[in-house]
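Contents: one structure, followed by commentary.
What follows draws every value from the coordinates through simple rules; no lab data is involved. Only a predicted model underlies this, so the values are computations on that prediction, with no experimental measurement involved. We place every Cβ from the backbone using ideal geometry, glycine too, and count neighbours over all the protein chains shown.
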Amino acid sequence: MCDFPFFSLVCTGEIFELKAELNSDKKEKKKEAVKKVIASMTVGKDVSALFPDVVNCMQTDNLELKKLVYLYLMNYAKSQPDMAIMAVNTFVKDCEDPNPLIRALAVRTMGCIRVDKITEYLCEPLRKCLKDEDPYVRKTAAVCVAKLHDINAQLVEDQGFLDTLKDLISDSNPMVVANAVAALSEIAESHPNSNLLDLNPQTINKLLTALNECTEWGQIFILDCLANYTPRDDRESQSICERVTPRLSHANSAVVLSAVKVLMKFMEMLPKDLDYYGTLLKKLAPPLVTLLSAEPELQYVALRNINLIVQRRPEILKHEMKVFFVKYNDPIYVKLEKLDIMIRLASQANIAQVLAELKEYATEVDVDFVRKAVRAIGRCAIKVEQSAERCVSTLLDLIQTKVNYVVQEAIVVIKDIFRKYPNKYESVIATLCENLDSLDEPEARAAMIWIVGEYAERIDNADELLESFLEGFHDESTQVQLQLLTAIVKLFLKKPTETQELVQQVLSLATQDSDNPDLRDRGYIYWRLLSTDPVAAKEVVLAEKPLISEETDLIEPTLLEELICHIGTLASVYHKPPSAFVEGSRGVQHKRLPGSAGSGESADSPDTGSAAGVSEAPPAVIPSQGDLLGDLLNLDLTPPTTSGPPPAPSSGMQMGAMDLLGGGLDSLVGLLHMGAGFGAPPTAMPASFPPPVSGGLDDLFDLGGSVGMPMGAYSPPKSIWLPAMKAKGLEISGTFARRAGVIQMEMTLTNKAMSIMTDFAIQFNRNSFGLAPAGPLQVLTPVGPNQSIEVALPLSTVGPVMKMEPLTNLQVAVKNNIDVFYFSSQYPISMLFVEDGKMERQVFLATWKDIPNDNEAQFQIKDCHLNSDAASSKLQGSNVFTIAKRTVEGQDMLYQSMKLTNGIWVLAELRVQAGNPNYTVSTVVVGLCEFMSLVSSLRLSSDLINNFYPVKTVVFN
Amino acid sequence: MIGGLFIYNHKGEVLISRVYRDDIGRNAVDAFRVNVIHARQQVRSPVTNIARTSFFHVKRSNIWLAAVTKQNVNAAMVFEFLYKMCDVMTAYFGKISEENIKNNFVLIYELLDEILDFGYPQNSETGALKTFITQQGIKGQTKEEQSQITSQVTGQIGWRREGIKYRRNELFLDVLESVNLLMSPQGQVLSAHVSGRVVMKSYLSGMPECKFGMNDKIVIDKQGKGGASDEAGKSGKQSIAIDDCTFHQCVRLSKFDSERSISFIPPDGEYELMRYRTTKDIILPFRVIPLVREVGRTKLEVKVVIKSNFKPSLLAQKIEVRIPTPLNTSGVQVICMKGKAKYKASENAIVWKIKRMAGMKESQISAEIELLPTNDKKKWARPPISMNFEVPFAPSGLKVRYLKVFESKLNYSDHDVIKWVRYIGRSGIYETRC
């Protein structure tokens, strides 16, 4: 009946027969019987009834038979846990076998049996195997720890296997190292905050050594692990890059992609003017191109990744356009991806070639591909202005082919071209109108109607054309109906005399005969507008439209950064963060690229509480936030011309010191910054300072005016953090305050939607000072429409730390029953000044003296109407403590100290000239020289940061 | 990591199913069958996400191999592994077919157990695997043999075992290139590249250290500058610019990166030493000049000239030109000066075959294509004219300069090794638009 004896097992009656065979004395017969059992198992038949009989066959010296029995055990042990215990003895015995292959087999299989009772017995053999003399056994045992952790994480920790696993990273055998890395990485993923993979230069060095020696798969594990490391400075980053680049020549594409991931990530930290940076960029292109000659499935993975790389660093592949030309025999998924990349790489230099190709593709067979090609031509027109004309003529050629879907797609993109270049290509309208009848897709019809309405004054028979659509109004899709309504209103406003009847007709169709609320509402609005104030109607309906952006479907920058950290993985294939498709805790951790100082790429965060003085200050001294750090460092290390700011590390306490520099100083300066006034002495102004991040001393001083206010920390007025538009009706405004030593986030939640909001929850992203909610968000009652509620959320500073840009930026996610919303806000740095920030006088003096005076910068505080005592007491309310006061030649000098929540001390000197109501104050910011160089090389360890890092701020007239 | 691995036949029946992770249930097997194998439309992506489970698949003839996972795995690695899996199976039992898989399912399970542990790929070099995964079972291994096996499987040189002995030390080097071309109807090269492979068959004793040299521009230039050797200049050999190359894992990549020298201990038997790609100064062995004229709505006149462009002393072989015809073709008359041409209705093409053709020659075919009148508005897409051939030289200009063998422990030297080098240039995707 069947040629394959093992696959012909059909009826359950044979189970009985098998039972007999399994218990046979003959080895051969036994083996054949087990094979039959496995075959049935494969095709999904239940052979669990044979459990005891199969397990009986386990005691054998025939390795092949043993493996078969193990395979059976792995499948059925879970359903028969009690029976599975029978196997334990054999396993334990096998783990002692002189043959390393058998020892490894036993420990490997045992880890796959997910029965609690068995795992208990596994611990001892596993411990032995982890220290086995044979590397084959050790590498198997390493993976087994990960298996066991998956079953019982607590057990693994209690038994100390994690430490043993860590030791294996130093193993002499590269494969053992690779497997240990793989196992540790996996375990670390489920403990996001643990410091399990304690990556430091020593371990990194070990990994890089093993990288040269282990199998291709091991190289992948190691490279993927390396990608999670954040080098301490650009030198370390470069040296790792240098040792990883040879991998780009590996035959295994996955090794190449993982190496690309490491390089893409570490490159962020290299200064752009470094020679090596350019070399590295050049080295990346050829291997990426080579990936395109791999098998189609890998090409697909590579292309999805290249799409990301091109968005992040377009310069790498800008000259490689040709390799993305579509081949006739490429699978469709490769074709579509190549097309995407072609558009991204399109530029003035290569647009002619690209267009010629796209035109070619538009004649292919696959409908999706052709559509995308036509759309691509439109996108080229929008992206490269010089090519717009050629693109339009190409599109017209395509319309002439009369292929239905080509014509429709072309019309949709021409609409976009009209929007991008108004009043330029309207001559083609006539050709478009010819194809009116053939349009049967809503999108194309809507686009055509939009064109007719927009250019009604140039189309003689616009009314006839629109009227023809009106006949089947109710059969049209909503998209078309809405467009038709608007188009006819536009037409009416342009040619009121002839089209009165038409507009009446469409308004009544929309308002009276339609049950679509959107359409009805829009109809009523137009009607009301037209009947009350036609001039206003004209202004509204014929308003100038905002230009459309050049690049469509770009990935949002933060997501892009995260995806770059996931190059080669599924996330990069789906273009989604792992949390979008992975269940449970794994992969929920968001990865970020290491921040490079002075990159200025994320410099556009809004100033929430911007001070009045900002606009009056000379614009030259207001750099973007991102440049600040660079400037500050230039000030201390080198003349401002050099642009090699050391990069900032991105996580952990390491950046504490950097924080102080990056944001601390600027906030500090901002803190002392008060409006209007006098120019700074030019010699004393080597660096420029940004406006205060969000309220500093000026705000503090402002408060001084209102007598009777309790002496407390300054808190800026509430500002809107999350507008209702962006959050489906939820508006959040808020502020930060420090009350009785507790930082509070005070928010007003306003429901501007129509439905009730409940189930509020809040979460912070990692931030510079480890701010985290100390408790859940207390919104106990549902918030009804138009209702608002006040909440105060106490914050702790023990959360995970990551450097933000700007420093005091806080990214917040708020959830309610409707959705999750994200916003970011900035807290005033004074929130972080702790109550015990008063330094001992002696200590202060000693520290102050240690600061060399040769690196100075100044800052002015203007328009201060307080005398030094008032200022001092005012500041004290915000935990800025005056240690000493000195008066020299009518100038008051205040020596002050403050301490940040993360234990960093800040020292300041404030000079005030009494008696002059409109006096000038300028500051000199002095960093400790050695501190600066320490920071610049980023050789700081976290315990160093917890010591003193005084920064002297001198203020003089 | 990989959660499970399934092999299906063309009907979607499971032939092999091995689950490595607890999060993959039995229903995953069916989900893939229903959503991919039995899917109505053509498969649009090799990666499919069904209910938060991701499926990676490759197809070999009519067998589907699918890897399943619920985690954010390294996608490139999964595909590389699937290919590797195919290689290993082919090395063990030949062609991947339903019959072979069914006959070897025990072996396949054994292999899967070895090369994938908890979803992590392990050593998958056939050379090493064959030492301890055999159909016979391991019997009578001595302790030394066992530890030799394990050290090889986990060792630095996982691809070669110790103690190999040949009476005659011999090696074969094949430089196999496929030249790819896309040319516009006007004869303008739109894109051209050569993807080449150096395949080596080594039958060498012991653990020989090899060094491979070719006319790589970077190396030659470096030598020329240093003045150490002006061999390149003397012999007039031209060097070639290699865009990129990748190597078998036996090659020491860091050495290549620093010195650009290719040194390695080769696996035994046949393997691919390197792959490379060049785009500059490619010798295009043939040029195709198409001429298509539409005569009214029911007739097409096609004339195609091919010109060979290499040394007259060399012979190209297995030349085949494929001229596509419209779908509504009713009849074709062909006249060709050389070779045989035939209209193949099932393939919608005129296939013109020439057995041999010397360099610097020219040949021509002309055809009249009768068309059935159709109402179809869509114009014929005019697929490109494609060509196949084989030439006995490397179109990239690559030359093997040396392959030195050193084996310090055994008493044979580089001179005793018999070496054979062969160049074959084949057409890859060699298309001319018409």
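Before moving on, here are some points about what is shown:
- Segment A:441-544: relative contact order in percent, alpha carbon pairs under 8 Å with at least 6 residues between: 25
- If a spin label sat at a point 7 angstrom from the Cα of residue A:792 along the line to its beta carbon, the backbone N atoms of segment A:742-761 nearer than 14 Å would be those of A:742-748.
- Among A:732, A:802, A:756 the positive-end extreme of the charge dipole of segment A:719-829 (Cβ point charges): A:802
- Taking the Cα centre of segment A:441-544 as reference, the dipole from Cβ charges on Lys and Arg (+1) and Asp and Glu (-1) amounts to some 360 debye.
- Largest mean-square fluctuation among B:172, B:32, B:286, in a Gaussian network model of chain B whose springs join Cα atoms under 10 Å apart, belongs to B:32.
- Taking 29 Å as the limit for the C-alpha separation, the pairs A:26/B:84; A:93/B:84; A:78/B:130; A:29/B:102; B:59/B:399; A:576/A:803 exceed it in the case of A:26/B:84; A:93/B:84; A:78/B:130; B:59/B:399.
- Each of A:721, A:217 was scored by other Cβ atoms within 10 Å of its Cβ. Listed from fewest to most, they are A:721, A:217.
- Ranked B:132, B:56, criterion: other C-beta atoms within 10 Å, fewest first: B:132, B:56
- Across B:222/B:255; A:117/A:147; A:19/A:66; A:67/A:147; A:718/A:752; B:255/B:280, pairs whose alpha-carbon gap is larger than 21 Å: B:255/B:280
- Dipole size of segment A:147-228 about its Cα centre, with +1 on Lys/Arg Cβ and -1 on Asp/Glu Cβ: approximately 140 debye, rounded to the nearest 20.
- With contacts taken as Cα pairs under 8 Å and at least 6 residues apart, chain B reaches a relative contact order of 15 percent.
- Cα-Cα pairs of segment A:719-829 separated by more than 17 Å (percent): 51
- Taking a straight line from the alpha carbon of residue B:201, these lysines sit under 16 Å away, with near neighbours fewer than eight places off in the same chain left out: B:165, B:211, B:404, B:419.
- Counting only Cβ charges, +1 for Lys and Arg and -1 for Asp and Glu, the dipole size of segment A:719-829 around its Cα centre is about 160 debye.
- Sorted by Cβ neighbour density within 10 Å, fewest at the top, the residues B:245, B:86: B:86, B:245
- Farthest toward the positive end of the dipole of chain B, out of B:365, B:247, B:350, is the Cα of B:365, where the dipole comes from beta carbon charges about the Cα centre.
- 27 Å Cα-Cα threshold exceeded, pairs from A:27/A:139; B:95/B:353; A:327/B:318: A:27/A:139; B:95/B:353
- Partners for residue A:885 among aspartates and glutamates (Cα-Cα distance below 12 Å; same-chain residues under 8 apart left out): A:869, A:909
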